[in-house]
Amino acid sequence: MAGVVLENLSRVYSGGVLAVNGVTLTVQDREFLVLVGPSGSGKTTTLRMIAGLEEVSSGKIAIGTRAVNDVPPKDRDIAMVFQNYALYPHMSVYKNLAFGLELREKTNGFGWLWRWALPTERRARLATRRFAIAERVHQAARVLGIEELLERYPRQLSGGERQRVALGRAIVRNPAVFLFDEPLSNLDAKLRVEMRRELKQLHQRLQTTIVYVTHDQVEALTLGDRIVVMNEGTIQQVGRPIEVYDWPSNRFVAGFIGTPAMNFIPGELISQRAGCEFRRADWLVPLAGRQIEPRVVQAMTVQSTTASRPSRAAVLGVRPEDVSIEKSSDNRSGTLQAVVSLVDMLGDSTVATLEVDDRSTQHQSETLYVLSKMEPRSDLRLGDRVSVQVNAQRVHLFDPETGESWMRKPVAN
Ligand code: ADP
Ligand code: MG
């Protein structure tokens with residue numbers, strides 16, 4: 001059992017690609033930690049550096065209390081499972097599981113032959129060892145529920161069974177840390193959900209540290225004790241799934257985690273006596289009671305001679321499930337008016353794409369679309385006119401330039 005500590009870890013590939021840029025992270029002992037981010041964000045490179053398969057350009061790696069920068073992969077006490085788990089096609093499942101363990105035994109290339117030349121006492125030791133391997137293989141097979149498959153060959157297995165064998169190969173080695181690189185990507189959607197549950201149960205049974213890489217945010221949210229969101233080689237946020245979902249630290253995280261993605265609505269933040277409000281044309285979202293970064297509010301200035309209140313440009317973030325709509329025939333002022341431009345039936349919900357109709361305002365340059373996630377059986381039609389409401393208690397605010405979140409999490413008391 002061991003945690004993993006990464007200290008200012010970087011990897012520059014030849015050609016100057018900065019794949020991983022100063023990653024500092026502590027994986028707790030027995031934690032299921034998920035690295036999630038878009039393709040090319042440096043997840044695999046980070047994992048391969050932990051495994052010792054990739055050169056470290058700068059920074060430190062420790063597994064448990066031991067610095068491993070100079071320790072070869074086979075001595076790091078880790079096991080890695082890849083997306084393309086290649087099983088040996090000519091070996092039975094049993095052999096596939098036992099192979100890695102037997103390999104460690106062999107001292108030359110003569111296989112079985114040389115053993116008969118050994119003294120009896122060494123032969124006995126080897127037999128004991130073989131028995132121990134058999135026991136570990138059967139134990140791993142039991143954990144994964146593939147005991148009845150041990151005599152089969154990979155071609156006689158389904159995709160899910162093959163993936164279980166690949167997991168088994170890691171389990172028999174009984175490592176301190178498991179490293180997974182998108183192990184479920186090759187499975188179909190239904191099987192992926194099933195294997196996700198099994199992985200979670202497996203983690204509970206094995207009580208061991210897992211670092212798991214995926215580009216799939218649903219997988220990250222469902223599997224991780226904590227998730228680490230990466231982009232362009234850097235860590236964007238680390239936290240429990242619900243923390244990252246509810247309190248994204250910037251616009252990248254807010255847009256990456258959650259489906260459909262969060263809506264971003266440009267407008268301005270205005271300081272009022274009773275608190276701040278967000279405004280777009282004549283639509284207002286009251287933010288009294290929400291905790292906005294004080295330095296942002298303090299730095300607000302009176303923007304023009306006609307305005308009486310300090311304000312600044314801001315981006316409102318709101319998740320589709322926090323957007324509701326009401327059919328409206330008249331153009332009521334003070335509301336956000338929109339036309340339904342798409343209705344997606346998802347079975348358990350309906351997602352409507354709304355084309356905001358405020359082109360008479362200063363934001364006329366590009367059409368704004370807002371997504372709303374609603375009850376499944378709505379009678380909404382394309383072209384319907386609606387007014388849009390947002391749950392002001394659950395909206396986010398972002399800096400239009402840096403993308404940084406301006407909303408603070410209330411301190412629990
Ligand atoms: P992820 O796993 O998040 O998709 P990777 O760690 O594989 O990302 O890659 C991070 C970045 O490093 C990408 O821009 C990728 O193109 C680059 N990269 C990965 N491997 C190499 C390599 N062997 N040589 C040069 N660049 C690489
Ligand atoms: Mg990758």
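The values are calculated or read from the model by the stated rules, or taken from the named source; none is laboratory data. Please read all numbers here as calculations on a predicted model, not as lab measurements. With ideal geometry, Cβ positions are generated from the backbone for all residues, glycine too; neighbour counts draw on all protein chains shown. Accessible surface areas use protein heavy atoms only, side chains included; no ligands, DNA or RNA. Shrake-Rupley method; radii C 1.70, N 1.55, O 1.52, S 1.80 Å.
What is the percent carbon and sulfur in the accessible area of the range 260-398, measuring with a 1.4 Å probe over the protein chains and ignoring ligands?
48 percent
If the cut-off is 22 Å between C-alpha atoms, which lysines fall inside it for Lys60, apart from same-chain ones fewer than 8 positions away?
Leaving aside lysines fewer than 8 places away in the same chain, those within reach of Lys60 are Lys43, Lys74.
What net charge do the residues around Pro400 carry, taking every other residue with its C-beta under 12 Å from that of Pro400, with Lys and Arg at +1 and Asp and Glu at -1?
Local charge sum for Pro400: -2.
Run lengths n ≥ 4 of DSSP H only: what is the helix-derived mean residue ellipticity at 222 nm for the chain, with -39500 (n - 2.57) per run over all residues, to the nearest 500?
-7500 deg cm²/dmol
Within the set of other residues whose C-beta is less than 11 Å from the C-beta of Thr209, count the net charge using Lys and Arg as +1 and Asp and Glu as -1.
Around Thr209, the surrounding residues sum to -3.
Please get the size of the charge dipole for the range 260-398, origin at its Cα centre, with Cβ charges of +1 on Lys and Arg and -1 on Asp and Glu, quoted in debye to the nearest 20.
Computed charge dipole of the range 260-398: roughly 500 debye.
Rg to Rh ratio, the range 260-398, alpha-carbon atoms and Kirkwood radius?
Checking Rg against Rh, the ratio lands at 0.99.
Quick one: compute the contact order of the range 260-398, relative version, from alpha carbon pairs under 8 angstrom and 6+ residues apart, as a percent.
Result for the range 260-398 is 28 percent.
Show the residues, 5+ positions off or on another chain, whose built amide H is closer than 5 Å to the amide H of Leu397.
Gly317, Trp406, Met407
As a test of the definition: which semi-axes, in Å, follow for the chain when you take the square root of five times each eigenvalue of its alpha carbon gyration tensor? Largest first, please.
They are 54, 25, 16 Å, listed from largest to smallest.
Note down the net charge around Asn250, summing +1 for each Lys or Arg and -1 for each Asp or Glu among other residues with Cβ under 15 Å from its Cβ.
-4
Using C-alpha positions alone, give me the convex hull volume of the range 262-314 per residue in cubic angstrom.
92 Å³
Considering just Cα atoms, how many Å³ per residue does the convex hull of the range 114-178 enclose?
It is 118 Å³ per residue.
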